[in-house]
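Here is the structure we will look at.
The values are calculated or read from the model by the stated rules, or taken from the named source; none is laboratory data. What you see is a predicted model; the values in this text were computed from it and never measured. Positions of Cβ are generated from backbone atoms using ideal geometry, with glycine treated the same way; all protein chains shown enter the neighbour counts. These area figures cover heavy atoms from the full protein model, side chains too; ligands, DNA and RNA do not enter into them. Shrake-Rupley method; radii C 1.70, N 1.55, O 1.52, S 1.80 Å.
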Amino acid sequence: MSYEDGPSMFQDQLAEKVRPFIDLIDDMRSIGIDKELPLPTIAVVGDQSSGKSSVLETLSGVALPRGTGIVTRCPLLLKLCNDRSVRWKAVISYGGKFSSDFDEPSEVVRHVEQAQNTLAGKGVGICEDLITLQITSSTVCDLSLIDLPGITRVAVKGQPDDIGAQINNLITKYIKNKRTIILVVVPCNVDIATTEALKMAQEVDPEGTRTLAILTKPDLIDPGAEKNVLEIVHNRVIVLNMGYVIVKCRGQKQIDENMSIARAIEDELEFFQNHEHFRSLLRQEKATTKCLATKLSNALVKQIKKYLPQMSEKIKEQLADVKIALSKIECGPPLEPAEKRKYLIQVITEFNEQITQLSTGDIIVEENLFELMRKAFIDWMECLKYAKSNYNDEVQQVVNEYDKEHRGSELPGFSNYRAFQHVVQKLVAKLKDPAMATLEKIREMVQKQFDQLSRESFKNYPYLQKFSTMNIERIQEDQSKIVKERIKEQFEMEMQVYTQDEIFNKYNLEEGETTDNSEHDTRSKYPGLLKSYYEIVVQRLADQVPMLIRYFILKQSAKIVCSEMLDLLHRDNTDDILQEDLEIGHYRAKLQAQADRLLLANDKVSSL
Ligand code: GDP
Ligand code: MG
């Protein structure tokens, strides 16, 4: 109803010189530069029913939601793009993710209302989230404007008491930005000096350098008041550097009668041409929506040009940031099969080198593995020492018991040796659990660091990551089984009390010769003998257990992990193996797109 095919009144006037600037701003908004650097925009402010929507409708050629009360409940960015090849096309987007396009002008109202209901909730509340409505058509001018909720003083039923303050805050947020052109909409038939909209504009722009006022409803002026209005339009009452434009839009009756916007524009021109007082304003380019459109475009371009150097700097900064972010996520695998294989070899080789270096202590992953192992082995040593210090008591106890039971009843030599062996076995057996615990501890450390390396090396490649961590786990399991077996064997061997140690054998022999067969001496001889034999066992275990663990859990594991990784090279599913993590791919694509846009914006800025 509000859209008509055919050439618009505006399409001819906004030449190529305007479009690039407005495009640039829209580009920058889509890149997100406006978060750090407020972009030049036009914000429309006015009291309720002052005619904001009517003006925007005439500018855009599209019917917007209208009615009494607060109709605009969220800021609405109206992006108008002139494209001679497009009949009419609209895209509405909001909430950061939702976006929908349609090609029926009459659907604008429904879409905007739906967006407002989603963002601000059904009812009469308002919301600060921006709705973007982009309209591309052969009949619109190139302009971007933000429609804001109308200023209101009193809350109506269902509205929060502070609705007025909420709206004022929202409007202020937009208009206090020095780059915003404030478009104040004021009806001719009220006392303009007292309108809230103009007051708000004056607060943030006291000099009036970026405020443009639109006087609406000239057809409703009380006869006789025209002179006052002319005084205002001629900038003699409230001085605004950007001045005033007077426009006439469709009145309620014309809307009810379905007058098209195109017709309304003709009607407007006729109105001024035939107006006794306002006719002169046409020549002075202070009347009609067409004149307003030109003024706005020019003002916006001027504003954009003014802030171009700043924007250019910001673009360069962002570009540098994006490039750094891109360099951090690497470039991903090459597409060409032969190159891809080479890349796989390189990725695996690098990982293998790191695992090997980890196993030799040449690199440190998070914590120093060798330092950690050393601590665990010291604990093991401490455990041995502690056991040793307690053994004196235990040995004494066993010997005492033995003496009590066997005093004079057995051949001392034979039984004494059995007793000695019994004591040794009992003491040594107690060390097995701590030895196994040490193994578990080290295994955990090593596996953690191997896994860490795998996560880092293959962070973009889920297949490689899964493959390597699964292998690491299995290899660690196998290796610790081997170590457990060896430790078990070692302890079994220790059950055969044995040493080649010369000092011990000499001591044993001498002591045996001088004190043999003396019951009194049995007590003094065995503790000493046991102690020195135990020293030997401790020394053996103190070295043997860590050596086994280091060799199998670290060195051998690393070797096996490497060789299993190399097995991957014999497979023919390189594509699957190098399948990138989806999120990384998306993230890189996003950054790349952002970099492209920034580069483009940079080119545009430099060429403007
Ligand atoms: P908003 O609340 O500021 O968006 O105001 P609207 O654009 O919805 O306009 C409020 C009322 O004023 C509507 O009924 C319009 O038809 C009417 N209106 C707007 N501009 C003019 C105009 O130039 N002349 C006449 N007669 N009515 C107008
Ligand atoms: Mg409105």
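Could you list, in sequence order, all residues of the stretch 570-587 that are touching a helix residue (DSSP H, G or I) at 6+ places or on another chain (Cβ under 7 Å) and part of a helix (DSSP H, G or I)?
Result: T574, D576, I577.
Test C81 against the stated conditions and say whether it is under 25 Å from S260 (Cα atoms) and not polar (S, T, N, Q).
Numbers: under 25 Å from S260 (Cα atoms): yes; not polar (S, T, N, Q): yes.
Yes, satisfied.
State yes or no: is I232 more than 26 Å from L269 (Cβ to Cβ), more than 13 Å from ligand 1 (Cβ to nearest atom) and more than 48 Å from the chain's Cα centre (by Cα)?
Values: more than 26 Å from L269 (Cβ to Cβ): no; more than 13 Å from ligand 1 (Cβ to nearest atom): yes; more than 48 Å from the chain's Cα centre (by Cα): yes.
Taking the combined requirement at face value, the residue does not satisfy it.
For the structure I just gave you, tell me whether L326 is touching a strand residue (DSSP E or B) at 6+ places or on another chain (Cβ under 6 Å) and either assigned to a helix (DSSP H, G or I) or buried (at least 18 other Cβ atoms within 10 Å of the Cβ) (or both). It would help to see each step written out before you state the result.
Numbers: touching a strand residue (DSSP E or B) at 6+ places or on another chain (Cβ under 6 Å): no; either assigned to a helix (DSSP H, G or I) or buried (at least 18 other Cβ atoms within 10 Å of the Cβ) (or both): yes.
When the stated conditions are applied, L326 does not pass them.
Does the stretch 263-279 hold any residues that are assigned to a helix (DSSP H, G or I) and open to solvent by less than 40 Å² (accessible area, probe 1.4 Å), and which are they? Before the answer, list the steps.
From the stretch 263-279, those assigned to a helix (DSSP H, G or I) are 263-273, 279; that's our starting set.
Selection gives A264, I265, D267, E268, F272.
Please work out which one of (1) open to solvent by 20 Å² or more (accessible area, probe 1.4 Å); (2) out of contact with any strand residue (DSSP E or B) (no Cβ under 7 Å at 6 or more places or on another chain) is the condition K286 fails and give its number.
(2)
Let's see how each residue does on (1) under 14 Å from V247 (Cβ atoms); (2) at pLDDT below 90:
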{"position": "L281", "(1), (2)": "yes, no"}
{"position": "T288", "(1), (2)": "yes, no"}
{"position": "A293", "(1), (2)": "yes, yes"}
{"position": "K302", "(1), (2)": "no, yes"}
{"position": "K306", "(1), (2)": "no, yes"}
{"position": "Q310", "(1), (2)": "no, yes"}
{"position": "I315", "(1), (2)": "no, yes"}
{"position": "A320", "(1), (2)": "no, no"}
{"position": "L326", "(1), (2)": "no, yes"}
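How many of the residues making up the stretch 40-71 are more than 25 Å from L308 (Cα to Cα), more than 7 Å from ligand 1 (Cβ to nearest atom) and among the polar types (S, T, N, Q)?
Residues that pass the stated criteria total 3.
So how many residues does the stretch 48-67 have that are near ligand 2 (Cβ under 10 Å from one of its atoms) and out of contact with any Leu (no Cβ under 7 Å at 6 or more places or on another chain)? Write out each step before concluding.
Narrowing the stretch 48-67 to residues near ligand 2 (Cβ under 10 Å from one of its atoms): 48-57, 64-67.
With the extra rule that they be out of contact with any Leu (no Cβ under 7 Å at 6 or more places or on another chain), the set shrinks to 48-52, 54-55, 65-67.
Within the stretch 48-67, residues that are near ligand 2 (Cβ under 10 Å from one of its atoms) and out of contact with any Leu (no Cβ under 7 Å at 6 or more places or on another chain) number 10.
Quick one: count up the residues across the stretch 205-251 that are buried (at least 19 other Cβ atoms within 10 Å of the Cβ), assigned to a loop (DSSP other than H, G, I, E, B) and not β-branched (V, I, T).
Summing the residues that are buried (at least 19 other Cβ atoms within 10 Å of the Cβ), assigned to a loop (DSSP other than H, G, I, E, B) and not β-branched (V, I, T) in the stretch 205-251 gives 9.
Between I181, I167, which is within 39 Å of the chain's Cα centre (by Cα), among the hydrophobic types (A, V, I, L, M, F, W, C) and away from ligand 1 (no atom under 15 Å from the Cβ)?
Going through I181, I167 in turn, just one is within 39 Å of the chain's Cα centre (by Cα), among the hydrophobic types (A, V, I, L, M, F, W, C) and away from ligand 1 (no atom under 15 Å from the Cβ): I181.
For the stretch 64-84, check the following and say yes or no: at least one residue is free of Cβ contacts under 8 Å to residues at least 40 places away in the same chain, of a type in the set (V, I, T) and open to solvent by 20 Å² or more (accessible area, probe 1.4 Å).
Yes: the stretch 64-84 contains one or more residues that are free of Cβ contacts under 8 Å to residues at least 40 places away in the same chain, of a type in the set (V, I, T) and open to solvent by 20 Å² or more (accessible area, probe 1.4 Å).
Applying the selection to the stretch 95-117, what residues are among the hydroxyl-bearing types (S, T, Y) and at pLDDT 90 or above? Spell out how you get there, then give the answer.
Keep residues of the stretch 95-117 that are among the hydroxyl-bearing types (S, T, Y), which gives 99-100, 106.
Of everything in the stretch 95-117, just one residue is among the hydroxyl-bearing types (S, T, Y) and at pLDDT 90 or above, namely S100.
Please specify each residue of the stretch 280-305 satisfying the condition of being small (G, A, S) and outside any helix (DSSP H, G or I).
Quick first cut of the stretch 280-305, residues small (G, A, S) only: 280, 287, 293, 297, 299.
Across the stretch 280-305, the qualifying residue is only A287.
Among the residues of the stretch 329-344, count how many are part of a helix (DSSP H, G or I) and open to solvent by 70 Å² or more (accessible area, probe 1.4 Å).
First, pick out the residues of the stretch 329-344 that are part of a helix (DSSP H, G or I): 337-344.
Imposing the further condition that a residue be open to solvent by 70 Å² or more (accessible area, probe 1.4 Å) reduces the set to 337, 339, 341-342.
Residues meeting the conditions: 4.
Could we say that D12 is modelled with pLDDT under 70 and of a type in the set (D, E) here? Before the answer, list the steps.
Details: modelled with pLDDT under 70: yes; of a type in the set (D, E): yes.
It is true that D12 is modelled with pLDDT under 70 and of a type in the set (D, E).
Quick one: is Y507 in a helix (DSSP H, G or I), modelled with pLDDT under 95 and under 24 Å from L568 (Cα atoms)?
Working: in a helix (DSSP H, G or I): yes; modelled with pLDDT under 95: yes; under 24 Å from L568 (Cα atoms): no.
No, not satisfied.
Quick one: what pairs do we get from the stretch 323-347, first residue without any contact (Cβ under 8 Å) to a residue 12 or more places away in the chain, second open to solvent by less than 90 Å² (accessible area, probe 1.4 Å), C-beta under 7 Å, 6+ apart or different chains?
Correct list of pairs: P334/K340; P334/Y343.
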